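All remarks here apply to the structure that follows.
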Amino acid sequence: MILISEDLQTVHVEFPNGNVIACTSEYMTELQLEDVVYVHDEQLEKAPQDAWPEGHWVGTVRAVLPEEVILDIGGNLKVMPQSTKFELKVGNTVQGTGRDNIKRILSENPIRPLGLPETGDQEIRQFKEPLNRGYSFDDFGGSRHIVDRARELIETPLEYQAELEEIGARPIKGVLFTGEPGTGKTMLARIIASNAGATFYHISGPQIMSKWVGESEESIRQVFIDAAQQKRAIIFFDEIDSLATQRSGESNEASRRLVGQLLASMDGFNSEANIIVIATTNRPQDIDVALRRPGRFDWEINFPLPTRAEREEILIKSSPSGVVSALPHALIAEKTENWSPAELAAIWSEAALLAVTDGSRKIRTEDYLGGFERVSVQRERKLLEAGTSRQDTPR
């Protein structure tokens, strides 16, 4: 064990292959740092010290210090004593045994498994999203309470990090956006990042889960390392319930390792790193309970479906420039109860298609009403399909 939380319920456990995961347990009163433990079903049991295998490992030299070297072993950084037998250089691939015994240099250059893509600047760039700095909170049509609360929990800590640290306030690390799809969760995160001048990392659950085994955890680790070097950063996990589900006996190993890496990364960045992690979900009950503990995603903002007045505001704000005046926004708002902002915005896409098909360069009332009818039909079909699917699901 290499780290024990203050509440004595979470530990970071290092495996012989160098990987580190976070485990939760209610039976840790007799365990101490550097203890060797057995891990089964997330329960920890003390093991004899000689149970730690002295098998061989392979790592890459990341930094050379006067008396120590920093190695990357299985995607985790380890500090080991400098070898007296040979001169190590950054990039060397080395073989060793135990926890601190470097035996030989295998290659002058880094070695990675065949076919495994390199994790580095190019990998990080795919998650960095260039933001339109023209984004404004006026572009967000919806509850002002949501905007005010989000700015308070995210924008304020990013801009006043030093002041909050001087006060001694516990830093806000994670905020969970909950609500139905299409309610503006991603859009608001982008607006906040734009206004705060923050580097924005956009990670989707399906995107990160499609990677090679072990590469998902390394990608998350690298994103947090890169974010810690920025003046301000927002790490945004879209559909986090698809990658951080409850760990149980039925969970696959890849899912457990990914949740463990996310826990370790959120626990690992210190107060000097000006990072806020935002995650979205419409199934908060499916998220691993350890992620909802203090110091992680312990703040939540719910995005409800818009009211009638908010629907009218969204229709006006999302309208394209080529529209005639005096369109019946109030009528459409009245007819779209329980519609999401995304569904409301789709009306304009359909209306524009009707307009250009008729040879017009302006969206007229008949186009507007026709766009509403088209989206309404599509919406009813999707709801019917979703209802049928739920009925067919075994219980």
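The values are calculated or read from the model by the stated rules, or taken from the named source; none is laboratory data. The structure displayed is predicted, hence computed values, not measured ones. Virtual Cβ from ideal backbone geometry, glycine too; neighbours counted across all protein chains shown.
In the condition set (1) among the polar types (S, T, N, Q); (2) modelled with pLDDT of 95 or more; (3) under 30 Å from residue 277 (Cα atoms), residue 336 is compliant with all but (3). For the residues 189, 233, the requirement of being touching a His at 6+ places or on another chain (Cβ under 9 Å), at pLDDT 90 or above and buried (at least 23 other Cβ atoms within 10 Å of the Cβ) singles out 189. Only a single item in (1) in a helix (DSSP H, G or I); (2) in contact with a strand residue (DSSP E or B) (Cβ under 6 Å, 6 or more places away or on another chain); (3) assigned by TED's automatic domain parsing to the domain that holds residue 202 is not met by residue 355, and it is number (3). Please tell me if residue 196 is out of contact with any helix residue (DSSP H, G or I) (no Cβ under 6 Å at 6 or more places or on another chain) and of a type in the set (A, V, I, L, M, F, W, C). No, not satisfied. Just one of the numbered conditions (1) free of Cβ contacts under 8 Å to residues at least 40 places away in the same chain; (2) closer than 24 Å to residue 314 by Cα; (3) under 22 Å from the mean Cα position of the chain (by Cα) is not true of residue 144: (3).
Residue by residue, here is whether (1) within 30 Å of residue 225 (Cβ to Cβ); (2) surrounded by fewer than 17 Cβ atoms within 10 Å (Cβ to Cβ); (3) among the acidic types (Asp, Glu) holds:
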| site | (1), (2), (3) |
| --- | --- |
| 266 | yes, no, no |
| 305 | no, no, no |
| 330 | no, yes, no |
| 342 | no, yes, no |
| 357 | no, yes, no |
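The set of residues in the stretch 84-106 that are modelled with pLDDT of 80 or more and either aromatic (Phe, Trp, Tyr) or not in a strand (DSSP E or B) (or both) comprises 85, 86, 87, 88, 89, 90, 91, 92.
For the criterion of being within 20 Å of residue 184 (Cβ to Cβ), touching a residue at least 24 places away in the same chain (Cβ under 8 Å), part of a helix (DSSP H, G or I) and under 32 Å from the mean Cα position of the chain (by Cα), residue 310 passes.
Checked against the criterion of being crowded, with 16+ Cβ neighbours inside 10 Å and not assigned by TED's automatic domain parsing to the domain that holds residue 259, the candidates 380, 313, 373 yield just one match: 313. Return yes or no: is residue 286 under 30 Å from residue 227 (Cα atoms) and of a type in the set (Asp, Glu)? Here the answer is yes, as residue 286 does meet what is asked. For the criterion of being buried (at least 16 other Cβ atoms within 10 Å of the Cβ) and not acidic (Asp, Glu), residue 292 fails. Within the stretch 130-168, which residues are in a loop (DSSP other than H, G, I, E, B) and exposed (fewer than 12 other Cβ atoms within 10 Å of the Cβ)? Listed by number, the residues that qualify are 130, 132, 133, 134, 136, 168.
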